[in-house]
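> Structure provided below as structure tokens; questions to follow.
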């Protein structure tokens, strides 16, 4: 396992050391170790049930774990989702986690919950990324199209001005055009300094966008490195890229 | 015609009380899925506290203010000590717990204040005022005003403040709410506090026209349930409108349908519950739960 993957001399924002997690009897993570540098764009690949989602949930504190998680070089004890949100971790869960009964604008306001107030500049920024949200501020989130909901989920995360943005399957069930729009936004956010960790079934898409990547298999990291290297890797190509 | 208008206004006064209590029920139901059967007894307890303060020489309004504050604190403490430990247990357990609370609080009020009915002098005189040939009771007008003001204040809190946004988020999707940093347990406790406040308003407003005794709010609670079902169990606006509609309806039916009279009003309320559940289970303002699959 190459856990310190060519991140150069960059400071690590996030480090997982032998993190294990279980749901009742079932162990989902058998000891995951990985590092995410500040400003990095990291993709986590793997088949269904490999532990990708659980890895994100471990980071955002929505699942109990053993092992160490370091954020900003500080070991985290007694993590809770609320505390992690306050530290600057925004988690967009799979299935476009929005408050479906609340309006678009309320969803965005909630994104800024950990901020001092709702900054009009941040709001304008989100609307600039996703003009379609600007057109329907009062619409109930649950009645938006799938793509719009994903935009809203991402926009909500942006309102928190996160240091670390976690995304679970942002492309799931969306039209290619929308997926392109979302990933373009992610790329732009990353260039603006936000560190991103994305879990994706669509490995080609993820490897094209990310700088680094990890491959999970049955709750373990089996491969890690530069996205470009992984793209060229024979087994990654056969298992995840399908050519 | 004058009699009709009088009956409508007096119905609105009772309806305001039903609506406030129904809103308390809906707030907790929306946030946790629990029907709080103790809501009526909590309101009675608040009314007793207010009565005691007045009995100790306080003027009505300071006593009312203190009661509101104590009820809020009581609601928060109740959530944290009694409800929270079993919050993640089966829903039925929590519902049964609230029935236990009903019995416990009823026992407490009987033990402390005795079972004998007490006269509660409200802030408004029962003297009629004449408006265009129609005589209204000042008390009715006052009760309507207080109910409307408290409901509007709660509404503004929920829709216009950051705290209200957090309360709505915690109710709509607790898991998501935690991810954006909302402290959901705190919000639930706050919700119980606010519900207790609404109950206190209902209890203190009801006490002058009913007699203050430990079972005072039990019938009112049934009316409030009917109001909540009529408006939609998950619609705060519906709960209030449901309360007003039910208050007026019961008064008019009681006055003009002679075989109903005063005795069968409760049966009418139960018929409303049954009718709504049969014809439109989501209530007038509720949404049928639709899930994308």
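Bear in mind that the values in this text are calculations on the coordinates, not laboratory data. All values derive from a computational prediction rather than experimental measurement. Ideal geometry is used to build each Cβ from the backbone, glycine not excepted, and the neighbour counts take in all protein chains shown.
> Taking chain A as a Gaussian network, Cα atoms linked when under 10 Å apart, which of A:21, A:203, A:184 shows the biggest mean-square fluctuation?
Answer for the Gaussian network model of chain A: A:184.
> Pull out a ≥ b ≥ c, the square roots of the eigenvalues of the alpha-carbon gyration tensor of the stretch A:31-78, then state rounded if a/c is under 1.5, prolate if not and a/b is larger than b/c, and oblate in the remaining case.
Details: a/c = 2.13, a/b = 1.18, b/c = 1.81.
It is oblate, given that a/c is not under 1.5 and a/b is not larger than b/c.
> On average, how many beta carbons from a partner chain sit within 10 Å of the beta carbon of a residue in A:108-118?
Per residue, the average neighbour count from other chains is 4.
> Count, for each residue of A:142-155, the Cβ atoms from other chains sitting within 10 Å of its Cβ, then give me the mean as a whole number. List each step's numbers first, then the result.
Values: counts 5, 1, 0, 0, 1, 0, 0, 1, 0, 0, 0, 1, 0, 0.
Average neighbour count from other chains, rounded to a whole number: 1.
> If each of residue A:188 and residue B:73 carries a label point 7 Å out from its Cα toward its Cβ, how far apart are those two points in nm?
A separation of 5.3 nm, rounded to one decimal place.
> Starting from the coordinates of the alpha-carbon atoms of chain B, obtain the Kirkwood hydrodynamic radius over all distinct pairs and give the value in Å to one decimal.
About 19.4 Å for chain B.
> Provide B:279, A:182 in ascending order of the number of other Cβ atoms located within 10 Å of each residue's Cβ, fewest first.
B:279, A:182
> Measuring from centroid to centroid over Cα atoms, what is the spacing of the stretch B:64-78 and the stretch B:188-238 in Å?
Using only Cα atoms to place each centre, the spacing works out to 15 Å.
> In peptide A:59-65, how many Cβ atoms from other protein chains are near each Cβ within 10 Å, on average?
The per-residue average across the peptide is 1.
> With n ≥ 4 as the cut-off for DSSP H runs, can you work out [θ] at 222 nm for chain B, using -39500 (n - 2.57) per run divided by the number of residues, rounded to the nearest 500?
Computed ellipticity for chain B at 222 nm equals -24000 deg cm²/dmol.
> To the nearest 10 degrees, how steeply does helix B:91-113 sit against the main Cα axis of chain B, on a 0 to 90 scale?
That helix lies at roughly 40 degrees to the long axis.
> Taking 0.36 nm per residue of sequence separation and subtracting the Cα-Cα distance, how much length would be gained by fully extending the chain between residue B:159 and residue B:135, in nm to one decimal?
Result for the pair: 5.0 nm of gain on full extension.
> Roughly what angle does helix A:120-129 make with the longest principal axis of chain A, taking Cα atoms, 0 to 90 degrees, to the nearest 10?
70
> Pairing the Cα long axis of helix A:176-191 with the longest principal axis of chain A, what angle in degrees results, from 0 to 90 and rounded to the nearest 10?
Its long axis makes an angle of about 80 degrees.
> Oh, and also: Which of A:73, A:226 has the fewest other C-beta atoms within 10 Å, and how do the rest follow up to the most?
A:73, A:226
> Select from B:263, B:79, B:213 the residue whose mean-square fluctuation is largest in a Gaussian network model of chain B (Cα-Cα springs shorter than 10 Å).
So, out of B:263, B:79, B:213, the one fluctuating most is B:263.
> Could you work out which residue, out of B:127, B:24, B:145, moves most in a Gaussian network model of chain B, that is, has the largest mean-square fluctuation with Cα springs under 10 Å?
Largest GNM mean-square fluctuation: B:127.
> Answer rounded, prolate or oblate for the stretch B:3-60, using the Cα gyration tensor with square roots of eigenvalues a ≥ b ≥ c: rounded when a/c is under 1.5, else prolate when a/b is larger than b/c, else oblate.
Oblate shape, in that a/c is at least 1.5 and b/c is the bigger or equal ratio.
> I need to check one value: relative contact order of chain A, counting alpha carbon pairs closer than 8 Å and at least 6 residues apart, in percent.
Computed value for chain A: 28 percent relative contact order.
> Using only the Cα atoms of the protein assembly as shown, construct the convex hull and provide its projected area averaged over every direction, in square nanometres to one decimal.
Here the figure is 29.3 nm², rounded to one decimal.
> If you don't mind, there's one more thing I want to ask. Once a ≥ b ≥ c are taken as the square roots of the eigenvalues of the Cα gyration tensor of the stretch B:70-227, is the result rounded (a/c under 1.5), prolate (a/b larger than b/c) or oblate (a/b not larger than b/c)? Walk me through the intermediate numbers first.
Values: a/c = 2.80, a/b = 1.45, b/c = 1.93.
In terms of gyration-tensor shape, oblate.
> Further, regarding this structure: Over chain A, what number does the Rg to Rh ratio reach, with both radii from the alpha-carbon atoms and Rh per Kirkwood?
Values: Rg = 17.2 Å, Rh = 18.1 Å.
Ratio of gyration radius to Kirkwood radius for chain A: 0.95.
> Just need the relative contact order of chain B here, percent rounded to a whole number, with Cα pairs under 8 Å and 6+ apart.
Here the relative contact order equals 36 percent.
> Now for a different question. What is the fewest-to-most order of A:52, A:161 by other Cβ atoms lying within 10 Å of their Cβ? Numbers along the way, then the final one.
On the way: A:52 26, A:161 16.
Ordered from fewest to most neighbouring Cβ atoms within 10 Å, A:52, A:161 come out as A:161, A:52.
> For the stretch A:206-220, list residues with backbone N below 12 Å from a point placed 7 Å from the Cα of residue A:228 toward its Cβ?
Once the point is set 7 Å along Cα→Cβ of residue A:228, A:211-212 turn out to lie under 12 Å by backbone N, inside the stretch A:206-220.
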